[in-house]
Amino acid sequence: MSANRDFIRRDLAVVWHPCTQMKDHEQMPPIPIRHGEGVYLEDFDGNRYIDAVSSWWVNLFGHGNPRIRAAIQQQAEKLEHVILAGFTHEAVVDLSERLVALTPAGLDKCFYADNGSSAVEVALKMSFHYWRNRGQAARRRFVNLANSYHGETLGALAVGDVGLYKQTYADLLLEPITVPSPDCFHREPGESWRDYSERMVAPMEETLARHADEVCAVILEPLVQAAGGMRMYHPVYLSRVRELCDRYQVHLIADEICTGFGRTG
Ligand SMILES: Cc1ncc(COP(=O)(O)O)c(C=O)c1O
């Protein structure tokens, strides 16, 4: 038996893979990876693959990046972990200072979550909590875009709009107010990206005009609806929605889990 096949057999006996119908693996088994370097992944039989999905879009600097590996090793030798409630440490303050230097004025504090879905949950809760503290507890809804994706935990799933992921759990979920997407895939023949995305501001404005009193925040994926099929829109939409959120006094949550840190150029 090849090393690959032997490893796949061990995997299928004990692992459930995420976002996967496990029955599919009976026909098309997972690719067992032993090693990664730069853009390459290598399986247990020594075959090499280009990691064209960047490990689900998140690997910006290549596998086994020597600088990142050295930094992880150095930190692990000093302090591998301490709780952040009631304690603090060098790494978190250094990172926060550098993030705050990058972000626009007003975004001056960092809160850490351990994955994209949790970050979305935190943003939803912060927004809800803010309005509650301001005596506006009637605000408990979120506005989202059609075909958006914000993660798999229940709050994040609720503000997404990809049926494949959320239909089964519909009875457990908050109900967002969903407005049409500015996704330029749907523009009319001959219509420019800018014109289409600008035209799609109107339904957002109508929604906020009608519902602002009960809305905590608008949540969207800036520029690219990734899990919805890599659907893109023009940046003018973001500027207009920013203006609308200011005018109607609701928060704007920019879910940059996929697009952050320079991934869109
Ligand atoms: C825009 C967006 N938000 C949230 C998530 C969820 O992130 P995670 O899988 O780390 O929970 C994803 C994942 O692809 C995403 O693309």
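What follows is calculated from the coordinates using simple rules that are stated; it is not laboratory data. For clarity, every value in this text was computed on a predicted model and none was experimentally measured. Cβ placement follows ideal geometry from the backbone for every residue including glycine, while neighbour counts extend to all protein chains displayed.
Observations on the model:
- A simple rule links phi to the HN-Hα coupling: the Karplus curve 6.51 cos²θ - 1.76 cosθ + 1.60 with θ = phi - 60°, which for the range 93-110 gives 6, 4, 5, 5, 4, 6, 5, 5, 5, 7, 8, x, 3, x, 9, 10, 9, 10 Hz, with x for Gly and Pro.
- Across the range 213-224, coupling constants 3J(HN,Hα) worked out from phi with the 6.51/-1.76/1.60 Karplus curve, θ = phi - 60°, read 5, 10, 9, 7, 7, 9, 10, 8, 9, x, 6, 10 Hz, and Gly and Pro carry x.
- A cut-off of 5 Å between modelled amide H atoms, ignoring neighbours fewer than 5 places along the same chain, links Ile253 with Val218, Ile219, Leu220.
- Descending principal axes extents, the range 110-261, alpha-carbon based, whole Å: 47, 33, 32
- Sequence-distant residues sharing a close amide H with Thr178 (under 5 Å, placed H): Asn144
- Each stretch of four or more DSSP H residues adds -39500 (n - 2.57); spread over every residue of the chain, this sum gives -11500 deg cm²/dmol at 222 nm.
- The range 14-169 shape via C-alpha gyration tensor axes, a/c threshold 1.5: oblate
- Projected label points at Glu188 and Tyr165, each 7 Å from Cα along the beta carbon direction, are separated by 3.3 nanometres.
- Listed from fewest to most Cβ neighbours within 10 Å, the set Met230, Met28 follows the order Met28, Met230.
- Which of His17, His186 has the fewest Cβ neighbours within 10 Å, and the rest in rising order: His17, His186
- Cα coordinate range in the chain, projected on the principal axes (Å, largest first): 64, 50, 39
- Within a Gaussian network of the chain (alpha carbon springs, distance under 10 Å), most fluctuating of Asp43, Asp24, Asp114: Asp24
- The residue list Ile83, His150, Leu238 was ranked by how far each Cα lies along the charge dipole of the chain toward its positive end, using unit charges on Cβ atoms, and Ile83 comes out on top.
- Listed residues Glu77, Glu152, Glu121, most fluctuating in the chain (Gaussian network, C-alpha, under 10 Å): Glu77
- Residues considered: Val215, Val53, Val159. Largest GNM mean-square fluctuation over the chain, using C-alpha springs under 10 Å, is found at Val53.
- Footprinting exposure proxy for Cys19, Cys216 (fewest neighbouring C-beta atoms within 10 Å first): Cys19, Cys216
- Along the range 205-212 the Karplus relation, 6.51 cos²θ - 1.76 cosθ + 1.60 evaluated at θ = phi - 60°, assigns HN-Hα couplings of 5, 4, 5, 5, 4, 7, 10, 3 Hz to successive residues, with x for each Gly and Pro.
- Between Glu214 and Ala91, the contour length at 0.36 nm per residue exceeds the Cα-Cα span by 40.4 nm.
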